[in-house]
Structure formats: C-alpha cells, structure tokens
1. Pick from R166, R75, R61 the residue whose mean-square fluctuation is largest in a GNM of the chain, springs joining Cα atoms under 10 Å.
2. Taking a probe of 1.4 angstrom, what is the accessible area of E103 in Å², to the nearest 10?
3. Could you count how many Lys pairs in the stretch 13-142 have their Cα atoms under 28 Å apart, skipping same-chain pairs fewer than 8 positions apart?
4. Would you mind checking the tilt of helix 136-146 against the longest principal axis of the Cα atoms of the chain, expressed as 0 to 90 degrees and rounded to 10?
5. Hey, can you grab everything whose amide H is under 5 Å from the amide H of G185? Only 5+ residues off in sequence or another chain; H modelled, so Pro and N-termini drop out.
6. For the chain, modelled as a GNM with alpha-carbon contacts under 10 angstrom, which of A130, A162, A82 fluctuates the most?
7. Could you state, as a whole-number percent, how many of the C-alpha pairs of the stretch 158-225 are farther apart than 13 Å?
8. How many percent of DSSP beta bridges within the stretch 50-173 run antiparallel, rounded to 5?
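The values are calculated or read from the model by the stated rules, or taken from the named source; none is laboratory data. Worth saying up front: this structure is predicted, and the values here are computed from it rather than measured. When we count neighbours, we look across all protein chains shown, and the Cβ atoms used for this are built from the backbone with ideal geometry, even at glycine. Only protein heavy atoms, including side chains, enter the accessible area calculation; ligands, DNA and RNA are left aside. Shrake-Rupley method; radii C 1.70, N 1.55, O 1.52, S 1.80 Å.
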Amino acid sequence: MKVGLVGVAGVPLGKHKVKDPRLDQADKLVKADNKTYAFVDVVGEEEASTADAIVASPEGRFDLIVKDLEFAETRLERNPPAAEKAVLETIKAHLESEGVVAEAGLTPEELHLIESHAFVTAKPIVVAEAADSATFDNFLVRVVSASGYISFLTVGGSENRAWLIRKGATAQEAGGAIHTDIQKGFIRVEIIGYDDFVAAGGETLAKHANKMRVETKSYVMQDYDVANFRFKK
C-alpha cells in the first residue's frame, strides 16, 4: 500500500509501520520470537497520483480540491459527451462546496466514465493535523482503515505478524500476501475471529473453546482475523 503526503511536514518518506494496538495485544497472548507490524510506503506529493490514499494537511486538502476543480472546469469547456458532462457537473458542484470526489456519491458507472481523468480527490483522503504528524505510525491505523484496507494476523513460532490486504479479499488472495506458493497451493484456512481470540486468551485457548473454524478459498477475510493457511508445497 502506498500513501502520498500533501502539505504534511516532518514525516520521513519510505516504509512506515502501521502500529495497530491489536497486534500488541495479540503479541501478549501468543509467544513468538518477533512482532512485525504491517507497513506502508509513504511517498511525496509528486507521487500522490499513484498512491492508494493521501494524507493531507487541511491546506493541502484544499489545494487538491482546487486542482480537481480547475480540471473539471477545463474538461466541461471542451463540451464532453452528455453522460460524462452530467458527472463532471456533479463533481464540479461538489468541489465548489469544498467536498472531494471520493465523497460525491458517484455510482460505479459514473466513476467509470471519469476514471481516465484521474481526479486526485477520488482517492481516499485523510486530513492530518500537527499532532497526527508527530505520531504518524499510530495515525496510519486510521489511514489504512479509511483507504479500504484491512489486516489479518499470523501468530506463533518465529513471528506474530499483521498483513495488509484490500477489504473484500478472499482467503486465497490473503495467502498470496504472505507468499505466492500459498495462493497457488491453497487447500484451506483455519480462522479465529480477533474478538474470540482475545476473549479466549490466545490461539490455543480459542481452539479449545471451539472458536476456530475451517474456511475455503472463497472465504472473505475479516479485519484482524487470525489465520493459519494449509497449502500444497
């Protein structure tokens, strides 16, 4: 996952940990050699157009709205097809109210009509205040959630680890986040819901309480599922 910064100062570019306290809790319940947070790539404003989400200062958010508004106005002046024109007029009105394209209530069909225009504010945008920049890795938990991503956990042995996947990903796709061999040779996944995991006091106790279930490759992963993949090697 890539996060673009716009108007945010004091945050170094590069890889950042997503310091979700749920992994800290899991790490207390299951002994492992290491604890590994999920991570995201943080890039500068020049790469914002290719980022999955944007973190902007209040001023940076306004600047992005102005840029998208200027583009919408320019495109409308070129007399686009009627269907596209209607969508652009909706976008223009929303931007003029200082809203962003992502929150304009566009249908999938309407978004498809304007996807080639790459409106920057069609991406998830999270506003960061100065205090958020000071604790940026913790703030990333909110950014990830707002960006349509979730995490799942693998626990025990050498590592307790959180893995990022897109919301709606299947179990087989989640296995691929760890290694392509798991995705290709997927047999099944053993799942413990995070709340059950914590309530039971860890993986072993959750199994004893019959909170583990076996799911197939089409299972849609839930946020912070504790997963153990079985696959052909």
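1. Greatest mean-square fluctuation among the candidates belongs to R75.
2. 120 Å²
3. The number of close lysine pairs in the stretch 13-142 is 18.
4. Roughly 80 degrees, rounded to the nearest 10.
5. Counting only residues 5 or more places away or on other chains, the set is K232.
6. A82
7. Considering the stretch 158-225, 65 percent of its Cα-Cα pairs are separated by more than 13 Å.
8. Around 65 percent of the beta bridges assigned by DSSP in the stretch 50-173 are antiparallel ones.
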